[in-house]
Amino acid sequence: MARLMTTQLLFLLVLVGAGCGAQLRTTRARTELLNVCMDAKHHKEKPSPEDELHDQCGPWKKNSCCSVNTSQEAHKDISYLYRFNWDHCGKMEPACKRHFIQDTCLYECSPNLGPWIQQVDQSWRKERILNVPLCKEDCQNWWEDCRTSYTCKINWHKGWNWTSGHNQCPAEAQCAPFDVYFPTPDVLCNEIWSHSYKASNYTRGSGRCIQMWFDPAQGNPNEEVARFYAKAMSGAEPCRAWPLSLSLVLLLWLLN
């Protein structure tokens with residue numbers, strides 16, 4: 001009976017060891033989730049200082065995935081970055097547009113989005129972000145400041161008419177206030193860029209959500225957030241049981 005139990009435990013130990021080895025390999029791979037740039041259209045290969053980043057992209061001067069030129073283009077209407085027209089349903093309110101510029105700066109410049117980078121098969125990028133947890137206030141303020149602006153679509157990643165060289169509303173779409181297409185802040189954050197973001201219940205300063213913008217004089221709070229999620233995704237905790245499991249099997253073998 002003891003021999004059978006030992007055999008079963010040895011088999012279990014092999015499985016645990018295999019899983020632990022896989023997790024260790026995953027942990028090593030996930031070290032690349034910190035301080036990295038996406039493989040996308042305008043991103044640099046590696047983050048580095050950019051002392052002249054423009055205006056709202058300025059918080060990332062010390063360590064950035066975007067160039068100075070990209071930061072300047074992020075502030076222009078229908079810039080060469082993506083030929084995207086914010087004013088597709090009439091003039092977007094400046095307070096609203098400010099959030100979209102911040103959104104663009106975060107996407108292009110931040111080296112702290114590694115835990116949410118996913119591979120994609122798209123002509124203009126090989127990687128994207130998915131379900132980045134945006135702080136509650138960021139989603140709320142974005143929604144509040146855009147309620148009086150107009151749009152014609154809920155998902156801005158696809159479905160536009162590009163025949164003019166920039167995005168226009170498809171023929172069947174009607175322009176309406178933002179809160180018609182985005183009835184809540186959560187819908188805005190989650191849906192507008194194909195779930196690139198996910199509205200979080202955490203607040204700014206919690207260390208558990210990404211801030212779309214921050215005061216660089218206070219440091220970059222998103223570094224701590226990226227470290228937290230990278231560690232959580234590593235899955236290394238169960239491997240701590242490996243020495244205990246090995247000791248148990250050896251003890252049972254000796255007793256047998």
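The values are calculated or read from the model by the stated rules, or taken from the named source; none is laboratory data. Just so it is clear, the structure is predicted and the values come from calculations on it, not from any experiment. Don't worry about glycine lacking a Cβ; one is built from the backbone with ideal geometry, like all the others, and counts go over all protein chains shown. Accessible surface areas use protein heavy atoms only, side chains included; no ligands, DNA or RNA. Shrake-Rupley method; radii C 1.70, N 1.55, O 1.52, S 1.80 Å.
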Accessible area expressed per residue, segment 33-234, with surrounding protein chains retained (probe 1.4 Å, Å²):
48 Å²
Taking 0.36 nm per residue of sequence separation and subtracting the Cα-Cα distance, how much length would be gained by fully extending the chain between Trp124 and Lys91, in nm to one decimal?
9.1 nm
Please compute the length gained on full extension between Ser79 and Lys46, using 0.36 nm multiplied by the number of residues separating them and subtracting their Cα-Cα distance.
9.5 nm
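May I ask you to give the percent of accessible area on segment 33-234 that is carbon plus sulfur, with a probe radius of 1.4 Å?
Values: 4590 of 9720 Å².
Carbon and sulfur: 47 percent of the exposed surface of segment 33-234.
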Under the Karplus relation 6.51 cos²θ - 1.76 cosθ + 1.60, θ = phi - 60°, what is the ordered set of whole-Hz ³J(HN,Hα) values for segment 163-179, x standing for Gly and Pro?
5, 7, x, 9, 5, 10, 4, x, 4, 7, 8, 10, 6, 8, x, 3, 6
Return the whole-Å distance between the Cα centroid of segment 207-222 and the Cα centroid of segment 68-122.
18 Å
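Once R0 is set to 25 Å, what does the formula 1/(1 + (r/R0)^6) return for the Cβ-Cβ distance between Gln168 and Asp55, expressed as a FRET efficiency to the nearest 0.05?
Efficiency, rounded to the nearest 0.05: 0.40.
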Kindly give the semi-axes, whole Å and largest first, of the ellipsoid equivalent to segment 167-210, taking each as the square root of 5 times a Cα gyration tensor eigenvalue.
28, 11, 7
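For segment 33-234, what value does the Rg/Rh ratio take when both radii are computed over Cα atoms and Rh is the Kirkwood radius, given to two decimals? Show your work: numbers first, answer last.
Details: Rg = 16.3 Å, Rh = 17.2 Å.
Rounded to two decimals, Rg/Rh equals 0.94.
Compute the convex hull volume of the Cα atoms of segment 121-197, divide it by the residue count, and report the result per residue in Å³ as a whole number.
100 Å³
Give me the percent relative contact order of segment 135-216, please, defined on Cα pairs under 8 angstrom at least 6 residues apart.
On the way: 102 pairs, mean separation 33.0, N = 82.
RCO, segment 135-216: 40 percent.
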For segment 33-180, with only Lys/Arg (+1) and Asp/Glu (-1) charged at the beta-carbon, what is the dipole magnitude about the Cα centre, in debye rounded to 20?
280 debye
Once the in-chain neighbours fewer than 8 apart are removed, the lysines whose Cα is under 27 Å from Lys62 read Lys41, Lys44, Lys46, Lys76, Lys97, Lys126, Lys136, Lys198, Lys231
